[in-house]
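**Student:** First the structure, which I've put down as structure tokens, then a few questions once you've had a look.
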Amino acid sequence: MSEPDPYKLLGVSEDTPFEEIQDAKSRLLEQYGDNERQVQLIEEAYDMVLMQRFRMRKEGKIKVPEGIRYAESAIPARPVKTPTKVPKAWEKWVERPTLQELGLPTAVFAGFWVLTVGFSALSVTMPLALLVALYLLYKKNNRFGRSLAFVFGGWLIASVLAYYALPRELASSVGTGLMFLALWAVSSFTK
């Protein structure tokens with residue numbers, strides 16, 4: 001028993017462009033979608049044509065279009081920049097959050113800063129900011145002592161910097177912003 005001609009099964013001739021063969025295959029699969037046996041025959045015929053065209057192309061019997069590049073002459077890909085890694089010694093203390101994870105802390109601490117600058121509510125917002133930072137960090141690591149140390153350590157460092165590094169007229173507004181920034185960084189980037 002001879003094998004059926006794959007071109008006849010697909011309803012195309014041997015000199016039909018490959019794109020038309022693909023279209024014929026798609027049309028036939030759509031037409032015979034219910035008939036499993038016919039779908040299998042169409043797929044096999046398409047595979048046979050594909051392999052035959054590949055062999056002919058390797059032998060130089062089919063002209064390859066100008067726009068197609070071979071692997072040997074492909075343009076080398078640009079190296080992908082890998083994100084910088086956290087130093088090995090810091091891995092157990094520092095993490096790289098996703099943008100989604102940064103959303104809530106950013107909104108909360110920006111809101112506290114706006115309330116402080118706009119309404120002079122530092123006596124209310126700073127304790128709340130400390131509690132929120134403590135909560136966010138504790139929620140991530142489930143270690144109260146570590147969370148407390150990081151939050152108050154970050155706040156203390158920012159406070160000292162604001163007091164000693166900034167001129168007196170800027171210490172209040174910029175210093176407060178620096179403290180909120182430190183609380184945001186601690187609650188977002190530490191473990």
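**Student:** Summing -39500 (n - 2.57) over the DSSP H runs of n ≥ 4 in the chain and dividing by its residue number, what mean residue ellipticity at 222 nm do you reach, to the nearest 500 deg cm²/dmol?
**Tutor:** Helix contribution divided over all residues of the chain: -22000 deg cm²/dmol.
**Student:** Can you tell which of TYR135, TYR163, TYR32 shows the greatest fluctuation in a Gaussian network model of the chain with Cα springs below 10 Å?
**Tutor:** Evaluated over the chain, the most mobile residue of the options is TYR32.
**Student:** Could you point to the residue in PHE144, ALA24, TYR164 farthest towards the positive end of the chain's charge dipole, with +1 and -1 charges on the Cβ of Lys/Arg and Asp/Glu respectively?
**Tutor:** It is TYR164.
**Student:** Sorting VAL49, VAL114, VAL160 on the 10 Å Cβ count, fewest up front, what's the list?
**Tutor:** On the way: VAL49 23, VAL114 13, VAL160 10.
With the fewest neighbours first, VAL49, VAL114, VAL160 line up as VAL160, VAL114, VAL49.
**Student:** So what J values fall out for region 138-153 if you push phi through Karplus, 6.51 cos²θ - 1.76 cosθ + 1.60 with θ = phi - 60°, rounded to Hz, Gly and Pro as x?
**Tutor:** 5, 4, 7, 10, 6, 10, 5, x, 5, 4, 4, 5, 5, 5, 6, x
**Student:** Within 10 Å of each residue's Cβ, count the other Cβ atoms and sort LEU170, LEU9 from fewest upward. Write down the numbers at each step before the final one.
**Tutor:** Numbers: LEU170 13, LEU9 19.
Ordered from fewest to most neighbouring Cβ atoms within 10 Å, LEU170, LEU9 come out as LEU170, LEU9.
**Student:** So who's got an amide H within less than 5 Å of the one on THR190, skipping anything under 5 residues away but keeping other chains? H placed 1.01 Å off N, in plane.
**Tutor:** It is GLU95, by chain and number.
**Student:** From the P(r) of region 103-151, can you give the percent of Cα pairs sitting at distances over 16 Å?
**Tutor:** 41
**Student:** At a 10 Å Cβ-Cβ cut-off, how would you order THR98, THR16, fewest neighbours first?
**Tutor:** Final ranking by Cβ density, sparse to dense: THR98, THR16.
**Student:** Could I have the simple spin-label model distance between GLU95 and LEU115, label points 7 Å from Cα toward Cβ, reported in nm to one decimal?
**Tutor:** 2.5
**Student:** Separate question: For PHE144 and TYR163, calculate 0.36 nm times their separation in residues minus their Cα-Cα distance, and state this gained length in nm to one decimal.
**Tutor:** Net length gain for the segment: 4.0 nm.
**Student:** Which value, in debye to the nearest 20, gives the size of the charge dipole of the chain about its Cα centre, when Lys and Arg are +1 and Asp and Glu are -1 at the Cβ?
**Tutor:** 1540
**Student:** Could I ask something else about it? The list (1) -0.25; (2) -0.33; (3) -0.58 gives values of log10 I(q)/I(0) by the Debye sum over Cα atoms at q = 0.08 Å⁻¹, and only one came from this structure; which label was calculated from it?
**Tutor:** Matching entry in (1) -0.25; (2) -0.33; (3) -0.58: (3).
**Student:** Identify the trypsin sites (Lys or Arg not before Pro) of region 115-158 meeting these criteria: DSSP loop state and at most 15 other C-beta atoms within 10 Å of the C-beta.
**Tutor:** Answer in residue order: ARG143.
**Student:** Could you tell me the calculated FRET efficiency between SER173 and LEU104, based on Cβ-Cβ distance and R0 = 25 angstrom, to the nearest 0.05?
**Tutor:** For R0 = 25 Å, the calculated efficiency reads 0.55.
**Student:** Then there's this: Need the list of lysines near LYS25 for cross-linking: C-alpha distance under 21 angstrom, and skip anything on the same chain fewer than eight residues off.
**Tutor:** LYS8
**Student:** At q = 0.10, 0.11, 0.22, 0.24 Å⁻¹, what log₁₀ I(q)/I(0) does region 88-189 have when each alpha carbon counts as one equal point scatterer in the Debye sum?
**Tutor:** -0.27, -0.33, -1.16, -1.30
Read the figures in this text as sums done on the coordinates, not as results from a lab. Just so it is clear, the model here is predicted, and its values are computed rather than measured. Ideal geometry is used to build each Cβ from the backbone, glycine not excepted, and the neighbour counts take in all protein chains shown.
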